[in-house]
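**Q** After the structure tokens below, expect a handful of questions from me.
Please treat every number below as a calculation from the coordinates, not as lab data. Everything numeric here is computed off the predicted structure, so don't read it as measured data. Ideal geometry is used to build each Cβ from the backbone, glycine not excepted, and the neighbour counts take in all protein chains shown.
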Amino acid sequence: MNKMMSGEQQIMSDAYNMSIRKFLKQVGVTSQSAIEDALRSAGADGESYSARMVLTIDGLDVEHVIEGTIGSRGE
């Protein structure tokens with residue numbers, strides 16, 4: 001069943017959406033910086049590294065895991 005949102009629900013949804021986008025932007029920017037710093041410190045040159053990101057949200061019982069490869073074979 002498809003229900004239309006009330007004005008109040010839409011505002012709450014918009015607020016959550018903006019908050020989520022802001023959080024994910026911060027995660028992306030700071031994570032990329034941390035990875036680049038670690039690669040520079042290690043003198044990485046053409047190597048590949050396994051990477052794992054774990055998102056947890058207190059109070060919502062969320063644990064989301066993303067795994068991948070960073071480096072020349074990570075494309």
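**Q** Over the chain, what relative contact order in percent results from Cα pairs under 8 Å that are six or more residues apart?
**A** 21
**Q** So I have (1) 1.19; (2) 1.59; (3) 1.23, and one of them is Cα Rg over 2.2 N^0.38 Å calculated from this model. Which one is it?
**A** Computed from these coordinates, Cα Rg over 2.2 N^0.38 Å corresponds to label (2).
**Q** So for segment 1-43, what percent of the C-alpha to C-alpha distances run longer than 11 Å?
**A** Numbers: 643 of 903 pairs.
Percentage above 11 Å: 71.
**Q** At a Förster radius of 35 Å, what calculated FRET efficiency corresponds to the Cβ-Cβ distance of S19 and D45, to the nearest 0.05?
**A** Values: r = 39 Å, r/R0 = 1.12.
Taking R0 as 35 Å, the efficiency between S19 and D45 is 0.35.
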